[in-house]
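First comes the structure, then the notes that go with it.
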Amino acid sequence: MARGNPIDSVKGFGVTFKQIFKKPITQQYPEYKRPVYPRFRGRHRLHVHENGLEKCVGCSLCAAACPADCIRVVAAENTADNRVSAGERYARIYEINMSRCIFCGYCELACPFDAITLGNEYEISEYSRDDLIYTKDMLLAEPIKKVPVADRDLYDTPIPYYQEHS
Amino acid sequence: MAIASDRPRIYESSRVPSPIPTVLQVPEELRGSEDLLQVNFGPNHPSTHGVLRLIVDLHGENVVGLEAVIGYLHTGFEKNMEQKTWWKAITYPERIDYLSFQNNELVFVLAIEKLLGLEVPEKATWMRTCLCELNRIHSHLVWLGTAALELGAISMFWYCFRERDSVLDLYEMVCGARMHTRYFQAGGLAEDIPRGFFPEARKFVDWMPKAVDDYERLVDQNEIWLERTKGLGLLSAEDAIALGQSGPVLRGSGVDWDLRRAQPYLAYEQLDFRVPTYPNGDVWDRYKVHMDEMRESTRIVAQCLDRLEGMEGQPWIADDRKVVLPPREELHTSMESLIHHFKIVTEGYRVPEGEVYVALESARGELGCYVVSDGGPKPWRVKFRAPSFVALEATATCMTDALVADLIAIVGSLDTVMGEVDR
Amino acid sequence: MTDPWWISLIKAFLIINLLLLLFAYMTWVERKVLARMQLRYGPNRVGPFGLLQPIADLIKLIRKESFFPASAVDVLYIAAPVFSSFTALAAFSVIPFGPGWHIWKWNVSGEVANLPIALVVIFALSSLGIYGFIVGGWASDSKYALLGSMRTCAQMVSYEVSLTFAVLGVVLMGQSLSLVDIVQKQASTFWFFGPQFVGLVVFFVAGVAETNRPPFDLPEADTELVAGYHTEYSGMRFGLFQMGEYVNMITLSALAVTLFFGGWYGPWAPLGPLWFLLKLFVILFLFLWLRATLPRLRYDQLMRVGWKVLLPAATINAVVTAALVVAL
């Protein structure tokens, strides 16, 4: 059996000792939030047009694209006195079950109207599973918790059309 | 497969237990003895990777009987994939082997492309190679960290995870997710490579060899580490082949076999890399194979970066409207694109009838994907040839003359991922 | 010169509390040092620099439900941790930590009890302490704990021999079994770590094994036996086992300081107990450093090192020392 040189055995002690003087790599998470890269896929968001109408027209393409079947869309007709979206129909119910979602981003690829995108927020833990079913109001609202994002220009080029215009 | 003819004999004849090659049976003279202690290692145990359950018969500290019970992590991936369109099924394979996720994704995407006869742009091929090698480094780092932890070298774990984190950062930057990226799509890549990838990846490539030096300094010459790994968990080349081993386990047994070189896929033909082989078939040699592969993979990544840097502006996905989602900006202007888009998302693209087996070298060995298409929008049958599952079959053979502590080291050295074993 | 009984009592009370404090902050130091060697911060949430962490741990351990296996042998199961922590604490009483002081009209010596057979007492108590570990593992009626107990049994018994042989040289040179006398002898001649270097190395290695510290932590090898002999213990019973282990470690380090590094004497400045503490921490740091760097030994390798390397080395060292002491 080949033996190690006893002197070399001691080398390892140097490796561990020298780390004492290095800065720890741990990030002090709740106080310090590492900027995520702009492509990072986090919490979903629904978007509205500048005139206040919703972009989502309730076509259910996102629901069809979802590999985890976590999106539920029930569409209804827009009427003259209740105009919600820019199209003919709108999503009366739009729910995402975040406990099933695998954050693959297929919904944002599928959406032809750039209505749904995956934002960068990752702090989406809840105490109950019921709270993880995000309704339309929650998805339309600005996320409560924000996370820093790294330089969009450097790490996300070219900017996909749908993110630029949403 | 080239077995070196001048390699040392590890042991005489075969050690594969019979009649069941995966079960080490208690020797006749010990059966029914009161000194036997049957212990369950797992499914919840500090050192079983995931949920492997080992029923071990101990005679004092010696392991005399062993049976592995698997299935605790069965999730039915293969069956699930048959219910999804080809496009949607791409998100599944990467969750099978969650450590070499990118290789798993690639093998399924390659299978689709082979059935479709799709040409992939050069840039996508090189980027795939680059990411797969980064993935190999990631997987080996996790292996090294946990295997060392199991032998009691606790610090190694943190050093490995430092580098692992930089790999995952690269994935997050390019693919949008740290693991399970779905970045490879049939036809190429989902998105273009961001400009910032190259400097960051270069930084990693420059740093990684130094980090490997550090790991080796920590354990390579260490007397205790040598004692704990050399001459243990022996697996001869013949037995390894008989048991269908592949990857680092096979190469640690002295068989010079690597699919990246034996049947090159992606850009491996144009790359300069070495396949590390060690002849002794013990835990130590498997460890050395992993270490050398990390260095080689770093070299491959560097070569890929050289090529990719000159490819700015080139297409990253094939221009096939029947399979590939049309560019986003066309959705608002072209009716035809919109129709294609709807068709692909809702119904999925159709893949010609046929069956295909694609194999590649994942971090754990030969990862195969057998796909049958009935011409419809969904795979008719998907089957993965999981290297971890095969590696686990060698457990009983390796376990001859082992103590309890060796059991942990040997199972660790086979590098199994339970997600892949149970699927 | 012996102290009045009530001074000894006060000293014993103080020392036990100091020792418990030292144990509590030893866990903190261990976590901090290990963390820094592993690129982490270690505890830093409870109080400044995590200094209140040991107290938080204590509260947590006390409040936790003390789980009790249904098939455990109850009296022994409960007695084992108490026993092992008691012997560990008692062993420290003979360690001298200062030269002794004049306080008003009394002479206060620098140890709780100055026994002429102090060394023997320490080894006797630490041998007794082993029973706590063995019985605890056996009484909890678990296979992992039983395996842990078996390992403890074999390991402790075989390393105890080397440990005792290693200090024989010091005893011969100091010509006494009293620790105070040995320290005084070192002060009047030289510290014994030089001439007794082999003894020191054997003592340290055997000491690491004796206290179940990595790389000799086989009795509780977490990746093999889950937690060894204390697998089935939780709450403060587990805490008592931990306490016994840490106090043993502190006692052994203190013994090393006393036997090989001149006790409370420093190379300059008569600081007394401060020198003692400083040397103690240097040795304790070595324990932590070992833990951060080395993989765990295997059972048979452990036995081999104990019987085939350490014991012969210690024996030869003792014989050579004896010959030299007689000759000179």
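Annotations
- Where chymotrypsin sites (Phe, Trp or Tyr not before Pro) in DSSP loops with at most 16 other Cβ within 10 Å are excluded, longest remaining stretch of chain B: B:73-423
- Calculated diffusion of chain B, Stokes-Einstein form, Kirkwood radius summed over Cα pairs, 10 °C and 1.306 mPa s, µm²/s: 70 µm²/s
- Among the chymotrypsin sites (Phe, Trp or Tyr not before Pro) in segment A:75-137, those placed in a DSSP loop whose Cβ has at most 14 other Cβ atoms within 10 Å are A:Tyr127.
- Positive-end residue of C:Ser8, C:Leu128, C:Val73, charge dipole of segment C:5-327 with Cβ unit charges: C:Ser8
- Percentage of interatomic Cα-Cα distances in chain C larger than 35 Å: 22 percent
- Entries of B:Lys88/B:Lys123; B:Lys114/B:Lys383; B:Lys84/B:Lys383 with Cα pairs more than 19 Å apart: B:Lys88/B:Lys123
- Around the Cα centre of segment B:144-285, unit charges on the Cβ atoms of Lys, Arg, Asp and Glu (plus for the first two, minus for the last two) sum to a dipole of about 320 debye.
- Loop sites in segment A:54-139: GluC sites (Glu not before Pro), DSSP, at most 12 other Cβ within 10 Å: A:Glu88, A:Glu126
- Mean separation of Cα contacts under 8 Å, 6 or more apart, over the residue count of chain C: relative contact order %: 23 percent
- Listed as lacking a disulfide-compatible partner in chain B: B:Cys132, B:Cys160, B:Cys175, B:Cys369, B:Cys398, by the criterion of no other cysteine Cβ under 4.7 Å.
- Expressed as a whole percent, the accessible area of the protein assembly as shown that falls on carbon and sulfur atoms is 61 (1.4 Å probe).
- Charged-residue dipole, Cβ positions (Lys, Arg, Asp, Glu), the protein assembly as shown about Cα centre, Debye nearest 20: 2080 debye
- Interface between chains A and B: roughly 4400 Å² of accessible area buried, both sides summed (probe 1.4 Å, protein heavy atoms only).
- Of the trypsin sites (Lys or Arg not before Pro) found in segment C:91-159, those that fall in a DSSP loop while having at most 10 other beta-carbon atoms within 10 Å are C:Lys105.
- Counting only DSSP beta bridges with both residues in the protein assembly as shown, the antiparallel share comes to about 95 percent.
- Within segment A:42-142, DSSP assigns beta bridges of which about 95% are antiparallel (rounded to the nearest 5).
- Each label was represented as a point 7 Å from its Cα along the Cα-to-Cβ direction; for A:Glu126 and B:Tyr72 these points are 3.1 nm apart.
- Using the Karplus relation 6.51 cos²θ - 1.76 cosθ + 1.60 with θ = phi - 60°, the per-residue 3J(HN,Hα) values for segment B:61-72 come to 9, 7, 8, 10, x, 8, 9, 9, 10, 10, x, 6 Hz, with x marking Gly and Pro.
- Rg to Rh quotient for segment A:80-125, alpha carbon positions, Kirkwood Rh: 1.04
- When the convex hull of its Cα atoms is projected in every direction, mean area for segment A:42-142 (nm²): 6.3 nm²
- Within straight-line cross-link reach of C:Lys143, lysines at Cα separation under 29 Å, skipping those fewer than 8 residues along the same chain: B:Lys230, C:Lys60, C:Lys64
- With the biggest extent put first, the Cα atoms of segment B:343-385 measure 37, 20, 12 Å across the principal axes.
- Backbone geometry of segment B:90-102 corresponds, through the Karplus equation with coefficients 6.51, -1.76 and 1.60 at θ = phi - 60°, to 3J(HN,Hα) couplings of 4, 6, 7, x, 5, 8, 6, 9, 6, 9, 10, 4, 5 Hz, x marking Gly and Pro.
- Cβ-Cβ FRET estimate between A:Glu50 and C:Val46, R0 fixed at 45 Å, reported to 0.05: 0.35
- Pairwise centroid distance, computed over Cα atoms, of segment B:365-411 with segment B:304-356, Å: 33 Å
- Averaging 1/r over every pair of different alpha carbons in segment C:206-259 and inverting the result gives a Kirkwood radius of 11.8 Å.
- The protein assembly as shown, helix-only ellipticity at 222 nm - DSSP H runs n ≥ 4, -39,500 (n - 2.57), divided by all residues, nearest 500: -15000 deg cm²/dmol
- More than 14 angstrom apart: percent of Cα pairs within segment B:128-167: 43 percent
- Projection of the Cα convex hull of segment C:1-139, averaged over all directions and equal to a quarter of that hull's surface, yields 12.3 nm².
- Considering only C:Leu200, C:Ala24, C:Phe216, and ranking their Cα positions along the charge dipole of segment C:5-327 that arises from unit charges at the beta-carbon of Lys, Arg, Asp and Glu, the one farthest toward the positive end is C:Ala24.
- Both numbers refer to the Cα atoms of the protein assembly as shown; Rg and Dmax are 32.5, 115 Å.
- Under the Karplus curve 6.51 cos²θ - 1.76 cosθ + 1.60, θ = phi - 60°, whole-Hz ³J(HN,Hα) for segment B:131-146, x wherever Gly or Pro sits: 5, 5, 6, 4, 5, 5, 4, 4, 5, 5, 5, 4, 4, 4, x, 6
- The Cα atoms of segment C:147-234 define a convex hull whose projected area, averaged across directions, is 6.9 nm².
- Distance between the modelled labels on A:Gln28 and A:Asp81, one decimal in nanometres: 5.9 nm (7 Å Cα→Cβ projection).
- Amide H contacts under 5 Å for A:Ser85, placed H, 5+ residues apart: A:Glu54
- Whole-angstrom gap from segment C:88-148 to segment B:230-263, using each part's C-alpha centre: 54 Å
- Modelled spin-label separation between B:Asp35 and C:His102, with each label point placed 7 Å from Cα along the Cα-to-Cβ direction: 6.8 nm.
- Simple Cβ-charge dipole of segment C:5-327, Lys/Arg +1 and Asp/Glu -1, about Cα centre, in debye nearest 20: 700 debye
- Whole-Å distance, taken between Cα centres, linking segment B:91-155 and segment C:254-296: 49 Å
- Positive-end residue, the protein assembly as shown charge dipole about Cα centroid, Cβ charges, pick of B:Pro387, C:Gly235, A:Leu61: C:Gly235
The values are calculated or read from the model by the stated rules, or taken from the named source; none is laboratory data. Note that the coordinates shown come from a computational prediction; the quantities given were computed from them, not determined experimentally. Note that each Cβ is placed from the backbone with ideal geometry, even for glycine, and that neighbours are counted across all protein chains shown. We work out accessible area using only protein heavy atoms, side chains counted, and drop any ligands, DNA or RNA first. Shrake-Rupley method; radii C 1.70, N 1.55, O 1.52, S 1.80 Å.
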